[in-house]
Amino acid sequence: MPQLDAAHFLPQLVWLAITFIVLYIVMSRVALPRIGAVLAARKEKVESDLEAADKARVDAEEALTAYDASMQSARDNAHAIVGRASEAASTEAAKRHAELDEHLSREATAAAETVAQAQEDAMANLRDIAADAARDATRKLIGIDASDEEVARAINAARGG
């Protein structure tokens, strides 16, 4: 193998140095600036993405704050509407309760009047029935036909009046 022959070491070392220097110059003048530009562009892109993400986070926090405020406003509004509806329903119920009480009171008064009238009629009929019974009893027991006035006096005397 010629690479391992000591006579060929010096020319191999010279070519190694020449190749190294040429590659170094090409790399430092062509490849490394391009790599540096790509890295710089990438760094700028990452920084701009981070700034955009930061801005988006701030915007999201502001939107969340606005959303929370609007939700709280909506809740307060809903509570107010429910309160007004409850108050209106309570007022309406009280009004209907008063109307029902008044109606029931009128009906109770009318019923009491009807009962009093029926009682009065019954008492009047009872007097007539008692008078007829007394007249019949007087006629059957003692054979006397009593007049209406005599029967009325007898009934009043029996009542204590």
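The values are calculated or read from the model by the stated rules, or taken from the named source; none is laboratory data. All values reported here derive from a predicted model rather than from experimental measurement. Neighbour counts are summed over all protein chains in view; Cβ atoms, including those assigned to glycine, are modelled from backbone coordinates with ideal geometry.
A single entry from ASP59, ASP54, ASP136 fulfils the requirement of being assigned to a helix (DSSP H, G or I) and either aliphatic (A, V, I, L, M) or modelled with pLDDT under 95 (or both): ASP136. Scan region 127-161 for residues that are among the polar types (S, T, N, Q) and surrounded by 11 or more Cβ atoms within 10 Å (Cβ to Cβ) and the total you get is 2. Inside region 103-127, residues that are aliphatic (A, V, I, L, M) and either at pLDDT 85 or above or over 27 Å from ASN156 (Cβ atoms) (or both) make up a count of 8.
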